[in-house]
1. How big is D for the chain, in µm² s⁻¹ as a whole number, if Stokes-Einstein is applied with the Kirkwood radius of its Cα pairs at 37 °C and 0.692 mPa s?
2. For a protection proxy built on the mean count of beta-carbon atoms within 10 angstrom, sort 162-168, 117-123, 176-182, 195-201 highest first, please.
3. If you roll a 1.4 Å probe over the chain with all protein chains in place, what percent of the accessible area is carbon or sulfur?
4. Given the pairs LYS178/LYS264; LYS216/LYS238; LYS49/LYS128; LYS179/LYS271; LYS90/LYS156; LYS128/LYS179, which are separated by over 32 angstrom at their Cα positions?
5. Please work out the FRET efficiency for the pair ILE214 and ARG248, using the Cβ-Cβ distance as r and a Förster radius of 25 Å; give the result to the nearest 0.05.
6. Could you grab the Rg to Rh ratio for region 179-278? Cα atoms only, Kirkwood for Rh.
7. Using the charge dipole of region 75-159 (Lys, Arg: +1 at Cβ; Asp, Glu: -1 at Cβ; taken about the Cα centre), state which of PRO86, ILE108, ILE159 has its Cα farthest towards the positive end.
8. Quick one: Karplus J couplings for region 246-253, per residue in order, coefficients 6.51, -1.76, 1.60, θ = phi - 60°, nearest Hz, x for Gly and Pro?
Amino acid sequence: MRNAVAILGAGTQGRRLAYMWSSRGRPVHLVDQAPAALEGALKDIDNFKNTVGKSDGHQDGSITTFGGENLNEALKSAWLVVENVPESLKTKRSVVRQLDELADEETIVASNSSSFTIQEIIEGSDLKQASRCVSLHSYWPPETPAIEIMGSTITKSEIIARLMEECKNHGFDPFHVKKNSNGYIYNRIWAAIKREALFVAAEGVATPSEIDAIYKSVLKTPKGPFEQMDTVGLDVVKDIEEHYAENRDSLPQQPRDLLARMIKEGKLGVKSGEGFYNY
C-alpha cells in the first residue's frame, strides 16, 4: 500500500515538512546523505510534536530515516516524494531526473523549490513521466501551513486534484497556482515589497530601520522587510532577485546592487552576524 510521503533532504524545510506530513497519522520517509542531519531532524520533529502539535488531538504517524544510499527503499511505499535539495537549477534537475527514474510510476514527484518552477526543472530533461511532476512549495510549516501547488503544461489534472485534497487532509492550507508563475502567488507579492523597500533605501529616501518601523506601524506585523531579508540571508535574497530579473526585463537594478554591496562586505544577515542589522 502506497501511503507514505518521502521527503528528500532533512534540512530546515525538510524536517518541518516531515512533521506536517506525519502529523495526521500517516508515515513519512525522511532521506538525507548526512546522518547528523537526520538526527537533528528527529529532535526538531519531537519538539514540534511537544509544542505546535501538543493540543491538536491527532495521532502522529511514524517517521523512518534513510541514508542517501537507501533512496530506493524509501520510495517503495511512497505515493509522493518531495525534494528539498539546495536552490540550484542544475541540482534540482538532476534530483528530479533521479526520482523519476527510481520512483514507481504511480508516485507523484514534487519540488519544493521557491525559485524554480517545475516547468523550468523538467525542460530539457529526458524524463520517463514528466506529467507526474509538480511544484509543491510550502513556507514555514507548521506555523505557516500555506502550500502552493503548481503543475507544468503537461501535469495531469488528477494529480493537482489529489494534492489539493491530500494537503488539506494533512493540515496544510493548499492553494492552486493555475498558471506557470515564477514566485508562485505569495512570493511574487512579497518580492515586490522587498524590492521596493530595497529601492527606497538605495535612493536614500529612508534607512532600513525607518522603513521597517513604518511598515510595522501601518501593517501591524512583527517584522519589517529588512528584518525578514536578514533572516532569510541576503545572498539568498539576491539569488532570487536575479532569477526574477532573468524573466522580467523591467525590474530595477538598484535593489540588486545594494544587496551586492552588502554581500561583498560579508554582511549576509543573521547567519553572518551582520546584515542590515547587527546580531
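The values are calculated or read from the model by the stated rules, or taken from the named source; none is laboratory data. Source: prediction; values computed, not measured. Don't worry about glycine lacking a Cβ; one is built from the backbone with ideal geometry, like all the others, and counts go over all protein chains shown. For the accessible areas, the whole protein counts, side chains as well, though only heavy atoms, and no ligand, DNA or RNA atoms are used. Shrake-Rupley method; radii C 1.70, N 1.55, O 1.52, S 1.80 Å.
1. Numbers: Rh = 19.9 Å.
In µm²/s, the coefficient rounds to 165.
2. Packing order, densest peptide first, comes out as 117-123, 195-201, 162-168, 176-182.
3. On the way: 6810 of 13630 Å².
Its accessible area is 50 percent carbon and sulfur atoms.
4. In this structure, LYS178/LYS264; LYS49/LYS128; LYS179/LYS271 lie more than 32 Å apart at Cα.
5. E(calc), rounded to 0.05, equals 0.40.
6. 0.95
7. PRO86
8. With the stated coefficients, region 246-253 comes to 5, 9, 9, 5, 7, 6, x, 7 Hz.
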